[in-house]
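Right, one structure below, let's go through it.
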Amino acid sequence: MHLEIKNLVKYYKRDFPIIKKLNFSVKKGNIISFIGESGSGKTTFLKCISGLEKINSGSILLNGKILNNENVFVKPQKRKIGFIFQDYPLFPHLNLEENILFNIDKDFKNNFKNMLLLTNLEELIDRYPHELSGGEQQRACIARALIREPELLLMDEPFSNLDSQIKESIKEAIYKIIRKTHTTTILVTHDINDCLNISDKILVFKAGVLQQYDNPRKMYCEPANCYCAKILGDLNKIIIKNKNFYVRPENLEVVKKSDFEVVIDKCIFQGKDYKIKCFYNNEVWYFNSTKQFNKSEKIYLNFSEKDLLFFDYLCEDYFNQ
């Protein structure tokens with residue numbers, strides 16, 4: 001494996017660990033999305049990998065080299081890791097070329113022209129950060145990170161400050177660059193679409209504990225627990241034979257007659273279809289439809305048994321929060 005995390009523990013106070021014995025590995029060239037609620041330890045974990053934070057126990061290995069364990073600590077500048085933040089930390093007094101080449105080893109300077117082509121920044125090398133758009137600044141940060149040929153790229157909410165009108169095009173451009181350079185990447189994000197669309201695997205984190213680590217399809221269709229299920233999308237609760245089951249909105253279909261009569265509450269237009277909010281036996285349900293329905297209208301929904309999700313009783317407290 002290219003990156004190996006073994007029994008990693010991180011705390012500031014021993015009785016309140018932020019990361020509890022984390023174990024997982026990443027293949028070379030894979031993109032891993034790291035998701036979890038705020039305060040779950042995602043950013044702290046990235047800092048541990050990059051060397052900005054020391055771990056308390058366990059080990060971090062990258063490309064077969066120990067970066068951190070009980071006896072070894074490789075300084076951040078000695079780790080072959082690129083780090084991209086959400087706030088584009090470019091030096092305001094340096095132009096784009098100087099920012100990209102800042103403090104770079106001469107061995108990597110030959111990568112400059114190719115990196116400009118990859119990031120489409122050839123015409124902007126004389127501009128200063130205040131003369132660049134948010135997307136251009138983020139592409140400059142990508143160029144600055146990848147020109148050093150990192151063995152691992154860490155991205156912490158890199159698109160959260162981008163204008164929504166350009167966010168998708170910038171994301172697509174950056175992901176193409178990552179794939180083309182075959183750069184192993186860990187992305188911390190709150191955007192579930194990013195996780196499902198571009199990740200080779202998704203890692204779900206809660207209260208310092210890894211909940212599930214798998215490919216997007218299995219994460220979404222076969223979640224390990226209710227937390228993983230809920231964090232990746234809406235769920236509708238159905239009681240069958242005194243057991244609680246759940247079904248995704250896209251697995252509900254409108255039919256002429258069924259045992260599941262619902263009352264329409266709201267239609268939310270999403271561009272090509274509607275997200276419909278309705279009520280079934282006092283439970284809020286959601287489903288998707290190309291047709292608009294009227295408030296208080298009664299219709300019937302149905303689903304396939306194979307699409308039902310079941311979790312143990314311990315999950316009920318989570319859903320009732």
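Quick note: the coordinates plus some simple rules give every number you see, no bench work behind them. Values in this document were obtained by computation on a predicted structure and should not be read as measured data. Because the Cβ atoms are built from the backbone with ideal geometry, glycine has one as well, and the counts that use them run over all protein chains shown.
Worth pointing out:
- Local net charge near Q86, Cβ-Cβ under 10 Å (Lys/Arg +1, Asp/Glu -1): -3
- Residue-count net charge about I198 - beta-carbon cut-off 12 Å; Lys, Arg +1, Asp, Glu -1: -1
- Whole-number percent relative contact order across the range 234-319, with pairs defined as alpha carbons under 8 Å at least 6 apart: 34 percent
- The peptide list 39-51, 104-116, put in order of mean Cβ contacts within 10 Å with the highest first, becomes 39-51, 104-116.
- Pairwise FRET efficiency - Y12 versus E149, Cβ, R0 = 35 Å, nearest 0.05: 0.55
- Sorting R144, R139, R127, R217 from the fewest to the most surrounding beta carbons within 10 angstrom yields R217, R127, R144, R139.
- Gaussian network model of the chain, springs between alpha carbon atoms under 10 Å - residue of N103, N63, N302 with greatest fluctuation: N103
- Cβ-based net charge around G29, under 10 Å, with every Lys or Arg adding one and every Asp or Glu removing one: +2
- Legend: ranking of residues D194, D259, D200 from fewest to most surrounding C-beta atoms inside 10 Å; resulting order D259, D200, D194.
- Folded to 0 to 90 degrees: helix 134-146 orientation relative to the chain principal axis, Cα: 60 degrees
- Separation of the range 36-85 from the range 144-217 is 17 Å, based on Cα centroids.
- Exposure proxy order (Cβ contacts within 10 Å, fewest to most) of V247, V74: V74, V247
- Against the chain, whose longest principal axis comes from its Cα atoms, helix 164-181 is set at around 60 degrees.
- Take the Cα of N69, step 7 Å toward its Cβ, do the same at I268, and the gap between the two points is 4.8 nm.
- For the chain, the longest site-free run once GluC sites (Glu not before Pro) in DSSP loop states with at most 14 other Cβ atoms within 10 Å are removed: 71-296
- Sorted peptide list for 185-191, 23-29, criterion being average Cβ within 10 angstrom, highest first: 185-191, 23-29
- Taking 0.36 nm per residue of separation and subtracting the current Cα-Cα distance, fully stretching the chain between E253 and K54 would add 66.5 nm.
- Each of N71, S258, A207 was placed along the dipole of the chain (beta-carbon charges, centred on the mean Cα), and the one lying farthest toward the positive end is N71.
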